[in-house]
Amino acid sequence: MTTTTPGTAQVELAIGGMTCASCAARIEKKLNRMDGVEATVNYATEKAKVTFAADIPVADLIATVEATGYTAEEPAPPRTEAPGAGGPTDEERADEELRPLKQRLVTAVSLAVPVIAMAMVPALQIEYWQWLSLTLAAPVVVYAAWPFHRAAWTNAKHGAATMDTLISVGTIAAFLWSLWALFFGTAGAPGMTHPFEFTIARTDGAGNIYLEAAAGVTAFILAGRYFEARSKRKAGAALKALMQLGAKEVTVLRDGREVTVPTAELQVGMRFLVRPGEKIATDGTVVEGSSAVDASMLTGESVPVEVSAGDSVTGATLNAGGRLVVEATRVGADTQLARMAKLVEDAQNGKAAAQRLADRISAVFVPIVIALSLGTLGFWLGTGQGLTAAFTAAVAVLIIACPCALGLATPTALMVGTGRGAQLGILIKGPEVLETTRKVDTIVLDKTGTVTTGRMTLLKVHTAAGTDETDVLRLAGALEHSSEHPIAQAVATGAAARAGTLPTPEDFANIPGLGVQGLVEGHAVLVGREKLLEEWAMSLPASLKAAKDAAEKGGRTAIAVAWDGEARAVLEVADAVKETSAEAIRRLKALGLTPILLTGDNKAVAEAVAAEVGIGEVIAEVMPQDKVDVVKRLQAEGRSVAMVGDGVNDAAALAQADLGLAMGTGTDAAIEAGDLTLVRGDLRAAADAIRLSRRTLGTIRSNLFWAFAYNVAALPLAAAGLLNPMIAGAAMAFSSVFVVGNSLRLRGFQAADR
């Protein structure tokens, strides 16, 4: 529990027992009815974020949730034991939680398939097939469907009805009526068959069994719940990925000795060592040494930051240069990494739980069907038709209303749509993601790694009169190859690609903050800032000075090259724009989206990139924690915002956005925080992802329509006692076949560039 404004506190509760989005809405409604309480319940993460008056005990909040029919508790603190210390892993615990649902699904499918086959194929109806069907269907209805029965009972105790209620009542009614028909009617007679007769006639129901409906509905719905649960267990993976970015161990300096300890043992004021290539363990201040720090994973800034004594550094960033001694200034939950994790968590919990269309319909549909069934029973009893006919008509209403095809409507379309997406490098996380794609009108694009490659690249070589470009590349590249600095490595890589094998320097020295110098093939070479040349009494000629100024004005890094006492060239290094980015922006605009470039880079760099790819609006020099505020501001203006990013610094904004698209070439934190993942790392996939999502959503909606349409059309016949069970079975089968066929059309979706 944490204190917020004076007189208020905040707590996060882990909620158990929710089966659909309407459960989350019910808990949220109950909590918000309490005086001084404001709550948001997230069905996906199974958490409630509650702000309440400080004088309200947390136990009262938990009691309110429990009185609503669910469980609540404060989440256990994160585990701190080292890997391999014993005990189940998070993945093993998640599998353990899914195991009961998987067991019920396997039981339902393996037993329901032969029951459905015997009911629908007369050739399989052997002499005692109905009793074999009963033997197979009983475990499905009693054991496999138990979660639905339990949820229906919980809902009934609180005067509510969801799809679980309809599933439970329908399957129990079908099963109990089948028992009556088998033991007390004529359905149990040897040699009884269910022929296909497409006639409408009143029947007493004594020879009809509905075991295939009871078993089939259970199997279909369990399959949907299982795959939903598998995707839900990844909801917290963004936070886990963020926290795993930090260093696990750190070398602490104690009395002049180097001691390796777990990072969790660091305290403010401790000094620790960071060698080249190591992650900085926590936020701190450099007290000794100088280096280049690659902070791109946190800040999105592609150019490494030069640090020396007195400069601040951030935990989880990478030391790309020399040896550093750092004094810890913030540890644990106070670090920038931990604060970013909190931003992601707040954004996820603050996002309203997506109400699935089926749940919204069921809120009205289920009570109407139950009332219609009871009304049918009363009507036929009142007209003197007898108990058997009245009960047959009432049960027929429940049977035809039980949405068999609904179990296929969303999972099948999602399975085909996501499968096709995976083939095209697009991963869709779930059906709730699709609902926002139609509404999105603004797309915010991170620059580094999204619109650009995210790597420093040698772009241009400007040479002085009489200087050969190949000589510049060979000499400068050879010297930079010996440096660990990321910009130096960009020069070396570009030089090797253009000039071939580079020579080995006879002498090399790094000049912190300025560049490098050395001896290459007998030439005294300098590569670095203009100031480095000035210290050797050299100046850039007018042409190179102009090239340097133009490069820096355009946001690129300019590197001066000199040898044998004379300035010879200026190299331009920058984060190169991806070749496909301009085409991607055109496609996004064609979809009705307004692109905005959002970056932590300086304004000159951002505007140059935006101009190159055709983006008209730029928001630059934005700190990681402020990216969320930018998204919120756009949303407050009435825009529906999509966000495309790839870095840790984008994770919270991806979670806050109405639609988050993560580049698959980026960090795990960004990928897990996004709603859609673009595996290809090609921004054109963002346009394809939105088109595919909209197409899949349209398919799901048409599937849901047909899943309910035949129920609604046949309900009057059932209520009139005229519904032949074979017509009901045929209607159910047709609806399911249509749903599957409609979903399979998504396999023909094509990316725009293929």
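Couple of notes before you dig in:
- Among the residues examined, Thr557 does not qualify as open to solvent by less than 40 Å² (accessible area, probe 1.4 Å), out of contact with any strand residue (DSSP E or B) (no Cβ under 6 Å at 6 or more places or on another chain), in contact (Cβ under 8 Å) with a residue 40 or more places away in the chain and within 24 Å of Thr448 (Cβ to Cβ).
- Filter result (of a type in the set (A, V, I, L, M), farther than 30 Å from Gly185 by Cα, at pLDDT 90 or above and touching a helix residue (DSSP H, G or I) at 6+ places or on another chain (Cβ under 6 Å)) within segment 83-117: Leu105
- Residue in segment 131-143 that is modelled with pLDDT of 90 or more, open to solvent by less than 70 Å² (accessible area, probe 1.4 Å) and either outside any helix (DSSP H, G or I) or among the polar types (S, T, N, Q) (or both) present: yes
- Lone unmet requirement of (1) modelled with pLDDT under 90; (2) loosely packed, with under 15 Cβ neighbours inside 10 Å for Arg529: (2)
Yes/no per residue for (1) polar (S, T, N, Q); (2) in a helix (DSSP H, G or I); (3) without any contact (Cβ under 8 Å) to a residue 12 or more places away in the chain:
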position	(1), (2), (3)
Leu540	no, no, no
Lys545	no, yes, yes
Lys548	no, yes, no
Val573	no, no, no
Ile585	no, yes, no
Ile596	no, no, no
Ala606	no, yes, no
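- Filtered by the rule that a residue be exposed (fewer than 14 other Cβ atoms within 10 Å of the Cβ) and in contact with a helix residue (DSSP H, G or I) (Cβ under 9 Å, 6 or more places away or on another chain), segment 118-130 gives Leu124, Ile126.
- Test: Glu521 is on the phi > 0 side of the Ramachandran plot and either free of Cβ contacts under 8 Å to residues at least 12 places away in the same chain or in contact with a helix residue (DSSP H, G or I) (Cβ under 8 Å, 6 or more places away or on another chain) (or both): yes
- Pair list, Cβ under 9 Å, 6 or more apart: segment 149-174 residue closer than 19 Å to Val397 by Cβ and modelled with pLDDT of 75 or more, other residue open to solvent by less than 10 Å² (accessible area, probe 1.4 Å) and aromatic (Phe, Trp, Tyr): Asp164/Phe148; Thr165/Phe148; Ile167/Phe148; Ser168/Phe148; Thr171/Phe148
- Candidates Glu566, Glu612, Glu583 - the one that is open to solvent by 10 Å² or more (accessible area, probe 1.4 Å), under 28 Å from Glu469 (Cα atoms) and modelled with pLDDT of 90 or more: Glu566
The values are calculated or read from the model by the stated rules, or taken from the named source; none is laboratory data. Every value quoted in this text rests on a predicted model; they were computed, and no experiment measured them. Reconstructed Cβ throughout: ideal geometry from the backbone, glycine too, with neighbour counts over all protein chains shown. Protein only, heavy atoms only, side chains kept; ligands, DNA and RNA dropped before computing areas. Shrake-Rupley method; radii C 1.70, N 1.55, O 1.52, S 1.80 Å.
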